[in-house]
4 protein chains.
Amino acid sequence: MAKPKSEDKRNAILAAATQVFAERGLSAPTAAISSEARVAEGSLFTYFKTKDELINALYRTLKLELSDAMMSGFPRKQGVRHRLEHVWNGYVDWGSAHPEGQLVLRQIQVWGGLTEEVKAATAAAFGEFDRIAEDAAEQRVFRDMPMPFIWAALVSLADMTMEFTRRQPEQAAEYRAQGFALFWAGVARK
Amino acid sequence: MAKPKSEDKRNAILAAATQVFAERGLSAPTAAISSEARVAEGSLFTYFKTKDELINALYRTLKLELSDAMMSGFPRKQGVRHRLEHVWNGYVDWGSAHPEGQLVLRQIQVWGGLTEEVKAATAAAFGEFDRIAEDAAEQRVFRDMPMPFIWAALVSLADMTMEFTRRQPEQAAEYRAQGFALFWAGVARK
Amino acid sequence: MAKPKSEDKRNAILAAATQVFAERGLSAPTAAISSEARVAEGSLFTYFKTKDELINALYRTLKLELSDAMMSGFPRKQGVRHRLEHVWNGYVDWGSAHPEGQLVLRQIQVWGGLTEEVKAATAAAFGEFDRIAEDAAEQRVFRDMPMPFIWAALVSLADMTMEFTRRQPEQAAEYRAQGFALFWAGVARK
Amino acid sequence: MAKPKSEDKRNAILAAATQVFAERGLSAPTAAISSEARVAEGSLFTYFKTKDELINALYRTLKLELSDAMMSGFPRKQGVRHRLEHVWNGYVDWGSAHPEGQLVLRQIQVWGGLTEEVKAATAAAFGEFDRIAEDAAEQRVFRDMPMPFIWAALVSLADMTMEFTRRQPEQAAEYRAQGFALFWAGVARK
DNA sequence: CATGAATGAGTTTTCATTCAT
DNA sequence: CATGAATGAAAACTCATTCAT
């Protein structure tokens with residue numbers, strides 16, 4: 001099979017892209033990425049046919065990392081609040097641990113070139129949440145608002161919280177707790 | 001800022017930039033903007049020395065528009081909650097009325113080329129809020145969290161709400177109200 | 001109107017393209033052309049949006065030059081044979097005088113990127129020939145073969161003749177005459 | 001030429017090259033050829049050191065095929081006219097049967113990278129014609145023109161004829177006959 | 001020998017900016 | 001001041017060729 005396309009190299013390119021995009025924006029030249037990845041300019045294109053495809057792949061990768069972080073050790077048996085808090089903590093912690101990843105994720109979301117396929121694939125990874133939603137609906141945990149609205153609130157508040165933990169890592173714990181408290185008070189019934 | 005040659009032309013360029021950036025991203029060519037503004041390619045550069053300066057100026061302009069929208073009819077005498085709700089409504093309504101402006105604002109925020117000067121200037125425009133903050137602190141309206149955290153929560157929830165009103169304009173009123181309710185319940189004491 | 005797009009510069013680019021393509025083939029870099037034309041690399045693209053468009057324009061230009069050369073002093077009143085000989089001489093002489101042009105024309109014909117529009121436009125320039133054809137048909141000058149077949153024979157024999165005059169310019173006159181004699185004997189009745 | 005590793009694979013590459021060059025021009029990537037030949041990209045270069053060498057080899061191959069087609073069943077004992085007509089028919093029929101080969105041949109002729117060695121070798125394959133020429137001279141069959149001029153006329157008229165048979169295969173027989181008639185009337189004495 | 005990943009020079013094209021008119 | 005042609009430094013991408021497996 002000759003030299004097989006190495007997973008290592010692919011990952012190196014993705015890591016380099018994260019780094020470079022975080023520093024210079026999505027308009028950074030692909031040459032900067034290949035250079036950062038210690039790979040020839042052309043090699044980038046044997047792993048990703050176009051720059052757009054690279055960005056899509058990067059988005060998918062980061063999102064899956066993020067969902068892994070959120071779901072690891074997920075307390076499936078616990079109540080809605082505990083499960084949500086677990087998710088929240090996973091989200092915020094991952095963002096604090098991977099500030100470039102988080103930055104790049106936001107850049108890509110605002111970018112406009114994501115394919116429907118990748119959007120669908122990443123959305124699917126967050127499927128566990130549907131179960132939380134069902135339980136929540138059954139137990140009438142939340143106030144009267146559409147479920148997607150609640151999820152969006154969680155995500156946007158978590159993103160906002162991450163900004164704070166990124167700038168003041170020493171107070172990460174407080175922000176994380178306060179952010180979730182804000183969210184929960186905002187959405188929970190009574 | 002000096003005295004520009006023709007305020008009209010300058011505004012036409014800013015409006016065109018909003019339009020074009022919203023459609024094609026910040027990487028859209030300046031030629032597309034001058035063309036949309038019915039102005040010569042070179043003229044753009046007599047009003048804005050560089051593209052970066054144009055983006056900075058656009059950010060400042062949009063932010064000021066936004067703050068105007070939020071402050072018009074501001075009920076200075078009313079309680080914290082009413083004042084905040086006024087601000088919230090202004091924000092969400094402006095975003096619904098100017099979806100391109102809102103989109104571009106987000107793009108610029110993630111862009112990375114904003115000068116400190118513009119950041120400071122736009123922050124200043126939101127000075128009225130400090131007074132709300134003071135009153136709130138005095139009356140112990142909010143739970144224990146830093147004021148900037150609360151502002152950030154308001155902004156991110158408002159942005160999120162705007163997304164919903166943009167996609168389902170017919171339910172704008174509900175979303176606007178639910179968003180504020182969520183925010184208020186999240187931050188108000190007890 | 002500022003600096004108007006200069007006809008001179010356009011022509012310089014076309015001339016340079018003829019030169020460069022003749023020497024290095026159609027795959028020659030556009031940079032070689034702009035350099036030969038003493039023009040910036042980018043300028044080429046203000047006159048021709050793409051390389052393909054340049055090649056099409058070049059083809060049209062050369063073909064029109066050629067048809068001009070063939071039609072100048074055209075003896076409209078004379079018999080079919082004289083008119084054809086005039087055309088033949090114009091063709092062969094132009095090819096001898098512009099060997100690069102002739103070479104490039106052949107390259108472009110074999111190239112495969114000509115637009116229908118240009119094909120039609122250049123074909124139209126050879127419209128005078130239709131009249132010759134009509135007269136010829138009426139007078140039953142030619143043997144029984146389709147008119148297009150006769151034209152094609154003229155063109156291919158003329159091209160072939162040009163090759164000889166190009167390589168042995170000192171015998172151009174003989175070749176030119178022999179070529180036409182061959183053609184005429186080949187197509188004329190009896 | 002050395003002993004190639006697998007005559008089959010070499011032929012597959014040449015066939016694929018004919019196909020691909022006919023469709024996409026000589027600038028088609030070698031990868032397209034190896035793929036069409038169901039051979040690894042690198043393998044192409046064990047059979048042909050460079051792309052130029054491949055093109056030269058392809059030219060030689062096609063020309064030899066052509067000369068084989070022309071000489072098979074050659075009526076060595078017959079008169080000049082019969083022998084020439086045989087050759088003409090062979091030429092035109094091969095071109096009709098192998099339109100891609102014919103197309104590629106023309107592309108290569110205009111290409112500019114043929115080595116002298118290949119030019120000489122292919123010219124040699126047409127050696128039988130010298131004998132026709134000698135007989136013709138002895139019998140004063142042709143009008144007064146240089147022999148090479150006559151050969152060139154045959155070739156260019158045959159090429160032209162092939163174009164017609166390719167486009168209207170149902171009239172191939174007529175065109176073939178008319179083309180030869182034209183040629184013969186053009187070159188034969190009286 | 002076969003394979004196909006790796007390479008990096010080379011290609012076309014874009015675009016912010018300048019400047020002659 | 002307005003104009004838009006001119007500029008040339010990138011940028012994304014291609015591809016013949018090499019070479020580790």
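The values are calculated or read from the model by the stated rules, or taken from the named source; none is laboratory data. Bear in mind the structure is a predicted one, so any value in this text is a computation, not a measurement. Here the Cβ positions follow ideal geometry from the backbone for every residue, glycine too, while neighbour counts run over all protein chains shown. Only protein heavy atoms, including side chains, enter the accessible area calculation; ligands, DNA and RNA are left aside. Shrake-Rupley method; radii C 1.70, N 1.55, O 1.52, S 1.80 Å.
Listed conditions (1) basic (Lys, Arg); (2) without any contact (Cβ under 8 Å) to a residue 40 or more places away in the chain; (3) within 10 Å of another protein chain (Cβ to nearest Cβ) are all met by C:Arg106, apart from (2). Does segment B:61-75 contain at least one residue that is within 14 Å of chain A (Cβ to nearest Cβ) and either away from DNA strand E (no atom under 14 Å from the Cβ) or touching a residue at least 12 places away in the same chain (Cβ under 8 Å) (or both)? Among the residues of segment B:61-75, not one is within 14 Å of chain A (Cβ to nearest Cβ) and either away from DNA strand E (no atom under 14 Å from the Cβ) or touching a residue at least 12 places away in the same chain (Cβ under 8 Å) (or both), which makes the answer no. Taking only pairs six or more apart or across chains, which ones have beta-carbon atoms under 9 Å, a first residue in segment B:140-151 that is more than 8 Å from chain A (Cβ to nearest Cβ), and a second residue that is open to solvent by less than 70 Å² (accessible area, probe 1.4 Å) and assigned to a strand (DSSP E or B)? That search, which allows pairs on different chains as well, returns B:Val141/B:Ala188; B:Phe142/B:Ala188; B:Ile150/B:Phe142.
Assigned to a loop (DSSP other than H, G, I, E, B) and either touching a residue at least 40 places away in the same chain (Cβ under 8 Å) or crowded, with 19+ Cβ neighbours inside 10 Å (or both): does that describe B:Met160? Don't jump to the end; show me each part of the working.
Working: assigned to a loop (DSSP other than H, G, I, E, B): no; either touching a residue at least 40 places away in the same chain (Cβ under 8 Å) or crowded, with 19+ Cβ neighbours inside 10 Å (or both): yes.
Against the criterion (assigned to a loop (DSSP other than H, G, I, E, B) and either touching a residue at least 40 places away in the same chain (Cβ under 8 Å) or crowded, with 19+ Cβ neighbours inside 10 Å (or both)), B:Met160 does not qualify.
Taking the listed residues B:Glu53, B:Glu65, the one that is of a type outside the set (Val, Ile, Thr) and under 17 Å from the mean Cα position of the chain (by Cα) is B:Glu65, with no other qualifying.
Return a yes/no flag: does segment D:82-90 have any residue that is within 14 Å of another protein chain (Cβ to nearest Cβ) and within 16 Å of DNA strand E (Cβ to nearest atom). The answer is no; no qualifying residue exists. Return the residues of segment B:106-127 that are among the polar types (S, T, N, Q), in a loop (DSSP other than H, G, I, E, B) and open to solvent by less than 40 Å² (accessible area, probe 1.4 Å); say none if nothing qualifies. None - no residue of segment B:106-127 is among the polar types (S, T, N, Q), in a loop (DSSP other than H, G, I, E, B) and open to solvent by less than 40 Å² (accessible area, probe 1.4 Å), so the list stays empty. Restricting segment A:1-23 to residues that are open to solvent by 40 Å² or more (accessible area, probe 1.4 Å) and within 25 Å of B:Leu26 (Cα to Cα) leaves a set whose member that is farthest from the other protein chains (Cβ to nearest Cβ) is A:Ala15.
The residue that is surrounded by the most Cβ atoms within 10 Å (Cβ to Cβ), counting only those in segment B:139-148 that are outside any loop (DSSP other than H, G, I, E, B) and over 18 Å from the mean Cα position of the chain (by Cα), is B:Phe142.
For segment D:152-183, how many residues meet the condition of being more than 18 Å from the chain's Cα centre (by Cα) and at the interface with chain C (Cβ under 8 Å from one of its Cβ atoms)? Of the residues in that region, 5 qualify.
The residue that is farthest from the other protein chains (Cβ to nearest Cβ), among those in segment C:128-137 that are closer than 11 Å to C:Val80 by Cα and open to solvent by 50 Å² or more (accessible area, probe 1.4 Å), is C:Arg131.
Please go through segment D:15-38 and give me each residue that is at positive phi and within 11 Å of DNA strand F (Cβ to nearest atom), ordered by number. Of everything in segment D:15-38, just one residue is at positive phi and within 11 Å of DNA strand F (Cβ to nearest atom), namely D:Gly25.
Taken across segment B:24-34, residues that are away from DNA strand E (no atom under 16 Å from the Cβ) and either of a type in the set (A, V, I, L, M) or away from every other protein chain (no Cβ under 14 Å) (or both) do not occur at all. Screening segment B:39-52 for residues that are more than 8 Å from DNA strand F (Cβ to nearest atom) and under 18 Å from B:Asp8 (Cα atoms) and picking the one that is nearest to the other protein chains (Cβ to nearest Cβ) gives B:Leu44. Residue check: is C:Leu44 in contact with a Leu (Cβ under 8 Å, 6 or more places away or on another chain), within 12 Å of DNA strand E (Cβ to nearest atom), within 26 Å of D:Val110 (Cβ to Cβ) and in contact (Cβ under 8 Å) with a residue 12 or more places away in the chain? Considered against the rule, which asks whether it is in contact with a Leu (Cβ under 8 Å, 6 or more places away or on another chain), within 12 Å of DNA strand E (Cβ to nearest atom), within 26 Å of D:Val110 (Cβ to Cβ) and in contact (Cβ under 8 Å) with a residue 12 or more places away in the chain, C:Leu44 comes out as yes. Of the residues making up segment C:53-78, those that are in contact with a Leu (Cβ under 9 Å, 6 or more places away or on another chain), away from DNA strand F (no atom under 16 Å from the Cβ) and not charged (D, E, K, R) are C:Ile55, C:Asn56, C:Leu58, C:Tyr59, C:Thr61, C:Leu62, C:Leu66.
B:Ala125 passes every criterion in (1) within 14 Å of chain A (Cβ to nearest Cβ); (2) under 30 Å from B:Val20 (Cα atoms); (3) in contact (Cβ under 8 Å) with a residue 40 or more places away in the chain apart from (1).
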